[in-house]
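Q: Below you'll find the structure I mean.
The values are calculated or read from the model by the stated rules, or taken from the named source; none is laboratory data. Everything numeric here is computed off the predicted structure, so don't read it as measured data. Backbone-built Cβ (ideal geometry, glycine too); neighbour counts: all protein chains shown.
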Amino acid sequence: MIRVVGPIKPSTGLERLRRSLKGGGFGAVVSVSTHVLILTMLTWFLIDTDSLGPEEPLDLRWLTAREVELKQAARAPVKISSVPDAIPTAPMPPQAPPDTPMPLKPTRPAVRPVDVSGRLAHRKPELKRKHMLKIDEGGKSDLAVRSALGWFARQQQPTGNWRLHEGYPDAGRRTARTDTGATSLALLAFLGAGFDHTTRGDHQQTVARGINWLVGQQRGDGNLFDIDEFGREEAFYAHSMGTIVLCEAVALTADRKARQAAVNAVNFLVKTQQPTQGGWKYQPQTPMTRGDLSVTGWALMALHTARIANIEVPEQAFVLASNFLDSVEVQDGARYRYEPDFDVSRAMTAEGLLCRQWLGWPREHPSLESGTRFLLGEQHRPRWDDGRRNVYAWYYTAQVLHNMGGGEWENWYRAVRDEIVSHQARTGSIRRGADVRGSWHPAQPRGQAAEKADIAGRLYLAAMCVLVLETPYRHVSVYEVTVPEADREPVTGDAAADRPGCR
């Protein structure tokens, strides 16, 4: 006979815990405490992680590069791929030795600066006329350049230099003053048209006085900047422009005095380049500073011009410059920015592409072709309109398109020529202090802010306009094969005296 005492109740976890504790089970106490602690920590971790949010970036600016790397690695989620049972995993690929260099991108050409022989040859009068007959119907460009050079000649100071901030209407602001920059811009306009300081003819004395002033301005370390003030924005623009002037003067005339000054100026640029990232900016660079593309483009052009003058430049300088371009490129080098954290702009894209062309990118490079289409877009068509004009961007765009050649370049040049020529001052007083004839007004209309014509003034804008107009003959296209000097027919008699000694 079975005696029923009462209903049988299922034992719960809580009831078992109560009985265990009542029985003095020390192990149970430890187990419960441990589980509560683990659950608390897991809850805290989940809440802390979620509180950061998926879009909140980490501010790592105060950390060292190694600390940044470790911190980012700690936050990165660990992805574990499940492997079905009985299916072996693929063997790990062999690891490269630690000193193996990183492979280049498939589309990234090696840094091989272009052949520079004969790149100034088209400045000879007969070759200049030949090229302009094809693209400058009616001689509009030539007439505008001659008128502008007349204006420059009248603005030269008795000491041989030019001034950016005074001496003529609508000069630049005093905060942007630099006689080195003004003198270099004026001399670039004369040299670009084929006028040097030794060949008899128009503007010889004007150019000679300017180059003598520039050489006399140079300091012992090679620096050409005229103001003894550290970190001024104009410093490396002016020095780079002056270096280009001296190197072109050497290439055109083989002047020994100018050559030594050019060598010193080139060496100063090489020594002040950012030693790991390769750029230049407003002051000599260190491992802790960073360059910008606007200054770097002028400095890199100075080093290319040094090669034209047969002045030695370390190969590493061009490799480093290419590294800098990598840091400011977008779309595999089809677009460019002023600095890595800036937006893409037309001027910087044109400047970056020009640097790539001189560093050896072939004409058919996909990124170069894409960037060229961007520059040719209707939204960038040259217009001398308020808020749209940007002669600084036109200066670089003209060179990129000229190197590419073809009908699109010719059509673009005619468009920009017409805009520039139609706004040149053709009348007015030529009295000193009131002289505008042959120049352009920097603020009527006011161009884009990036152009900075309203800050740098009338001389700056005049020089940039002339350099754009001179593009068809100022440099031979980097993709045009030139005839070596030794293979050209000898020039004798009177013609020999007029022949520039370009290399």
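Q: Looking at Ser345, Ser367, which is the one that is farther than 20 Å from Val391 by Cβ, touching a residue at least 40 places away in the same chain (Cβ under 8 Å) and among the polar types (S, T, N, Q)?
A: Ser367
Q: Next question. Among the residues in region 355-376, are any at pLDDT 95 or above, on the phi > 0 side of the Ramachandran plot and assigned to a loop (DSSP other than H, G, I, E, B)?
A: The answer is yes; a qualifying residue exists.
Q: Are any of the residues in region 323-337 in a helix (DSSP H, G or I) and touching a residue at least 60 places away in the same chain (Cβ under 8 Å)?
A: Checked region 323-337: no residue is in a helix (DSSP H, G or I) and touching a residue at least 60 places away in the same chain (Cβ under 8 Å).
Q: In region 223-234, which residues are farther than 18 Å from Ala463 by Cβ and within 23 Å of the chain's Cα centre (by Cα)?
A: Within region 223-234, Asn223, Phe230, Gly231, Arg232 meet the criteria.
Q: Can you work out which of the residues in region 129-172 that are touching a residue at least 40 places away in the same chain (Cβ under 8 Å) and among the polar types (S, T, N, Q) is nearest to Ala434 (Cα to Cα)?
A: Gln155
Q: Go through Ser327, Ser345 for me and flag whichever is under 28 Å from Gly242 (Cβ atoms) and out of contact with any helix residue (DSSP H, G or I) (no Cβ under 9 Å at 6 or more places or on another chain).
A: Ser327
Q: Taking Glu408 as meeting all but one of (1) touching a residue at least 60 places away in the same chain (Cβ under 8 Å); (2) surrounded by fewer than 16 Cβ atoms within 10 Å (Cβ to Cβ), write down the number of the exception.
A: (1)
Here's the yes/no breakdown for (1) modelled with pLDDT under 95; (2) part of a helix (DSSP H, G or I):
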{"residue": "Asp418", "(1), (2)": "no, yes"}
{"residue": "Ser429", "(1), (2)": "yes, no"}
{"residue": "Asp435", "(1), (2)": "no, no"}
{"residue": "Leu461", "(1), (2)": "no, yes"}
{"residue": "Tyr479", "(1), (2)": "no, no"}
{"residue": "Val483", "(1), (2)": "yes, no"}
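Q: Turning to a different aspect of this structure: Which one is surrounded by the most Cβ atoms within 10 Å (Cβ to Cβ) among residues in region 178-191 that are small (Gly, Ala, Ser) and touching a Phe, Trp or Tyr at 6+ places or on another chain (Cβ under 8 Å)?
A: Top of the filtered list is Ala182.
Q: Take the conditions within 29 Å of Gln379 (Cα to Cα), surrounded by 13 or more Cβ atoms within 10 Å (Cβ to Cβ), modelled with pLDDT of 95 or more and over 29 Å from the mean Cα position of the chain (by Cα) and apply them to Ala425. Does it pass?
A: Judged against the criteria, Ala425 is a match.
Q: Would you call Gly194 within 13 Å of Val245 (Cα to Cα), out of contact with any strand residue (DSSP E or B) (no Cβ under 7 Å at 6 or more places or on another chain), in a loop (DSSP other than H, G, I, E, B) and of a type in the set (Gly, Ala, Ser)?
A: Yes.
Q: Being within 28 Å of the chain's Cα centre (by Cα) and either of a type in the set (Asp, Glu) or under 19 Å from Arg119 (Cα atoms) (or both) is the filter here, so list the residues in region 165-194 that pass it.
A: Once the filter is applied, which keeps residues that are within 28 Å of the chain's Cα centre (by Cα) and either of a type in the set (Asp, Glu) or under 19 Å from Arg119 (Cα atoms) (or both), region 165-194 yields Asp179, Leu187, Leu188, Ala189, Phe190, Leu191, Gly192, Ala193, Gly194.
Q: Quick one: count up the residues across region 117-126 that are under 19 Å from Leu188 (Cβ atoms) and assigned to a helix (DSSP H, G or I).
A: Adding up the residues that qualify gives 4.
Q: Identify all residues within region 258-297 that are under 19 Å from Pro314 (Cβ atoms), surrounded by fewer than 17 Cβ atoms within 10 Å (Cβ to Cβ) and touching a helix residue (DSSP H, G or I) at 6+ places or on another chain (Cβ under 8 Å); write none if there are none.
A: Pro275, Thr276
Q: Next up: Would you check if Arg373 is touching a residue at least 12 places away in the same chain (Cβ under 8 Å) and surrounded by fewer than 21 Cβ atoms within 10 Å (Cβ to Cβ)?
A: Considered against the rule, which asks whether it is touching a residue at least 12 places away in the same chain (Cβ under 8 Å) and surrounded by fewer than 21 Cβ atoms within 10 Å (Cβ to Cβ), Arg373 comes out as no.
Q: Which ones in region 446-467 are closer than 11 Å to Asn390 by Cα and touching a residue at least 12 places away in the same chain (Cβ under 8 Å)?
A: Arg446, Gly447, Gln448, Ala450, Glu451, Lys452, Ala453, Leu461, Met464, Cys465
Q: Next question, about the same structure. Ala302: at pLDDT below 95, closer than 21 Å to Asp115 by Cβ and touching a Gly at 6+ places or on another chain (Cβ under 9 Å), yes or no?
A: So Ala302 does not fit the description; no.
Q: To continue, here is another question. Restricting to region 442-453, count the residues that are in a loop (DSSP other than H, G, I, E, B) and crowded, with 17+ Cβ neighbours inside 10 Å.
A: Total satisfying the criteria: 4.
Q: Go through the residues of region 148-167 one by one and say whether even a single one is over 16 Å from Ala456 (Cβ atoms), assigned to a loop (DSSP other than H, G, I, E, B), among the β-branched types (Val, Ile, Thr) and modelled with pLDDT of 95 or more.
A: yes
Q: If we keep just the residues of region 195-252 that are in contact with a helix residue (DSSP H, G or I) (Cβ under 8 Å, 6 or more places away or on another chain) and polar (S, T, N, Q), which is farthest from Asn161 (Cα to Cα)?
A: Checking each candidate, the answer is Thr199.
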